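Reading through the structure tokens given below for one structure.
The values are calculated or read from the model by the stated rules, or taken from the named source; none is laboratory data. All of these numbers come straight from a predicted model, not from anything done at the bench. Note: ideal-geometry Cβ built from the backbone for every residue, glycine included; neighbour counts use all protein chains shown. For the accessible areas, the whole protein counts, side chains as well, though only heavy atoms, and no ligand, DNA or RNA atoms are used. Shrake-Rupley method; radii C 1.70, N 1.55, O 1.52, S 1.80 Å.
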Amino acid sequence: MSLIAGLITLSFSACGGHKIIDKPIDFKKDRIDLSLQYMKDRYGLEKTSPSIVPKMIVLHWTAIPTLEDSFNAFKNSELPQSREAISGAGQLNVSSHFLVDRNGVIYRLMPETVMARHVIGLNHVAIGIENVGGTKNTPLTDAQLQSNIWLVKYLSNKYNIQYVIGHYEYTNFEDHELWLEKDPSYRTEKVDPGEDFMKEIRNALKSRNFKEVPSK
């Protein structure tokens, strides 16, 4: 099955009271080409397919209050003009593998083994989970917390996940063997999904024995 066909026929998954609903973003030839160019330019990886072997899960918030607007931010292949701060690192739009609504419903936007642009330096090994909200008026919810815990368990049962991190922790990997970003000036400051959220995540996942985030 081709990559494009696989994106169209993504499966539905359910277990333990949670379920994954497929809601694919646009992923046709233009996005595949942009992904391959990003991997070459940012990481020095020349590939025929934008596939990844997941070793990490990165948790985010969208800072957008609704599911529809959050989805639309990722849907198109090319980066919108409003994202000038990161446009110099390529025109591939930002995206994520999963999007969790404020009511806890989990949507899969793309296959877990295809690269999404969601974290500098680590996209080539990282599954991204975005959470709708994160603004002052739309803080992350307990339903999202529980869905993130379930989803991390689900994914770590499928893949050899070594790290689960908050987006704000990505720069701790700058000297790590997984880090591939070639431009030392390409960094953005992040606070998502918040230290309290990550503390709850880690407390719930202690038995998984994920590796500790490197110290700066």
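I need the shape label for region 118-185. Rule: rounded when a/c is under 1.5, else prolate if a/b > b/c, else oblate, with a, b, c from the alpha carbon gyration tensor.
Oblate, since a/c reaches 1.5 and b/c is not below a/b.
Highest first, please rank the peptides 27-33, 137-143 by the mean number of other Cβ atoms sitting within 10 Å of their residues.
Answer by packing, highest mean first, reads 27-33, 137-143.
Evaluate the charge dipole of region 19-104 about its Cα centre and quote only its size in Debye, nearest 20, assuming +1 on the Cβ of each Lys and Arg and -1 on the Cβ of each Asp and Glu.
Dipole magnitude for region 19-104 comes out near 280 debye.
Ignoring everything but the protein chains, give the 1.4 Å probe accessible area of residue 179 in square angstrom, nearest 10.
30
Quickly estimate the mean residue ellipticity at 222 nm for the chain, helices only: each DSSP H run with n ≥ 4 gives -39500 (n - 2.57), and the total goes over all residues, rounded to 500.
Value at 222 nm, helices only: -8500 deg cm²/dmol.
How much length is gained if the chain between residue 183 and residue 112 is pulled fully straight, taking 0.36 nm per residue apart and subtracting their Cα-Cα distance, in nm to one decimal?
Roughly 23.0 nm would be gained on extension.
If I take every Cα pair under 8 Å that is 6 or more residues apart in region 74-216, average their sequence separation and divide by the length, what percent do I get for the relative contact order?
21
Could you please state how large a percent of the accessible area of the chain is carbon and sulfur, counting protein chains only and using a 1.4 Å probe?
48
Roughly how many Å² is the accessible area per residue of the chain, as a whole number, for a 1.4 Å probe?
49
Note the count of lysine pairs whose C-alpha atoms are less than 20 angstrom apart in region 80-216, limited to pairs 8 or more residues apart or on different chains.
Going through region 80-216 pair by pair, I get 13.
To check you understand DSSP bridge types, tell me what percent of the beta bridges within the chain (both residues inside) are antiparallel, rounded to 5.
If we restrict to bridges inside the chain, about 35 percent are antiparallel.
Classify the chain as rounded, prolate or oblate from the Cα gyration tensor: take a ≥ b ≥ c as the square roots of its eigenvalues, call it rounded if a/c is under 1.5, otherwise prolate when a/b beats b/c and oblate if not.
It is rounded, given that a/c, with a ≥ b ≥ c, falls under 1.5.
Residue-wise, which Karplus ³J(HN,Hα) couplings in Hz belong to region 101-106, taking 6.51 cos²θ - 1.76 cosθ + 1.60, θ = phi - 60°, and x for glycine or proline?
Ordered by residue, 3J(HN,Hα) equals 6, 5, 8, x, 5, 9 Hz.
Give the long-range amide H neighbours of residue 78: residues separated by 5 or more places, or on another chain, with amide H under 5 Å away, using H modelled in the peptide plane at 1.01 Å from N.
Amide H neighbours of residue 78, under 5 Å, 5+ apart: 93.
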